[in-house]
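The values are calculated or read from the model by the stated rules, or taken from the named source; none is laboratory data. Just so we're clear, the structure is a prediction, and the values are computed from it rather than from any experiment. Note that each Cβ is placed from the backbone with ideal geometry, even for glycine, and that neighbours are counted across all protein chains shown.
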Amino acid sequence: MRTNVIVAFVFLSFFSCSSDDATCVEPTNLVTIFSDETRIAVGWSYDVKPASYTVEFGLEGFSLGTGTRYNIPVFIIPGISNGFSRSALIERLATNTSYDYYVRVNCQDGSSSNFTGPGTINTLAFGEGCTPPSDLVPDEITSNSIRISWNGYDEDLWDIELFEIGTDSLVNELAHKNTHLFENLTPSTNYQVKVKTICDEFFEFSDELFSPRLEFSTLD
């Protein structure tokens with residue numbers, strides 16, 4: 001199964017102090033950030049901005065050196081003094097499966113630390129992860145409003161986008177329960193609405209978690 005790795009930001013332990021220490025020491029505090037059915041996010045602690053990280057992972061119990069290894073670039077965290085990334089998001093994994101992972105630091109002087117690990121993390125069984133809302137329906141439509149509801153992942157934050165068909169008009173609102181009322185709409189007008197699950201910061205910008213669009217028309 002093909003696996004992609006992308007770097008994701010975690011705002012935990014992202015503050016670091018400048019240092020002239022050239023010793024390439026191991027990262028510490030391997031931590032599970034989240035997992036769903038096919039994705040895992042892991043993080044670690046490190047004090048001095050390195051050149052990059054190497055993450056190696058495989059099925060639980062694999063021998064270091066025989067797993068899948070990726071070089072993870074370091075990203076600066078805007079607006080945070082001496083802030084830089086210390087995490088990775090690994091995608092397209094098997095569901096309901098345990099994985100081990102190791103992390104090493106590749107320092108600015110060209111040397112590399114020893115690997116730290118293993119950390120162990122499990123993907124969820126199918127249906128347990130962060131999934132798009134389903135069964136989006138209009139509960140009540142008037143000349144200037146619509147109330148919608150949906151079924152969805154067991155979270156308390158959804159992003160809702162309402163479009164007026166044929167225009168660039170977009171209304172974007174957040175909901176903390178699986179029903180929402182849009183008001184101040186135009187009578188006899190065609191709209192589309194869609195809802196996205198927000199499970200955490202890694203999925204906040206993912207279009208994969210939007211429901212199918214619901215089309216409706218306000219009354220005269």
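Some notes on this structure:
- Qualifying position, being more than 30 Å from SER217 (Cβ to Cβ), out of contact with any Phe, Trp or Tyr (no Cβ under 7 Å at 6 or more places or on another chain) and not assigned by TED's automatic domain parsing to the domain that holds SER52, among ASP139, ASP156: ASP156
- Per the listing THR131, THR120, the residue uniquely polar (S, T, N, Q) and part of a loop (DSSP other than H, G, I, E, B) is THR131.
- Scanning region 24-39 for residues that are buried (at least 18 other Cβ atoms within 10 Å of the Cβ) and at pLDDT 90 or above yields CYS24, PRO27, LEU30.
- Inside region 150-199, residues that are of a type in the set (A, V, I, L, M, F, W, C), without any contact (Cβ under 8 Å) to a residue 60 or more places away in the chain, assigned to a strand (DSSP E or B) and surrounded by 14 or more Cβ atoms within 10 Å (Cβ to Cβ) make up a count of 8.
- Of all residues in region 64-118, exactly one satisfies the criterion of being in contact with a Leu (Cβ under 8 Å, 6 or more places away or on another chain), at negative phi and either at pLDDT below 95 or not assigned by TED's automatic domain parsing to the domain that holds VAL31 (or both), namely THR95.
- Some residue of region 132-149 being modelled with pLDDT under 85 and of a type outside the set (Gly, Ala, Ser): yes
- Pair list, Cβ under 6 Å, 6 or more apart: region 121-132 residue closer than 13 Å to ASN151 by Cα, other residue in a loop (DSSP other than H, G, I, E, B): CYS130/ASP36; CYS130/TYR153; CYS130/CYS199; CYS130/PHE203; THR131/TYR153; PRO132/SER211
- Checking GLU128 against (1) surrounded by 14 or more Cβ atoms within 10 Å (Cβ to Cβ); (2) in contact with a strand residue (DSSP E or B) (Cβ under 7 Å, 6 or more places away or on another chain), the condition it does not meet: (2)
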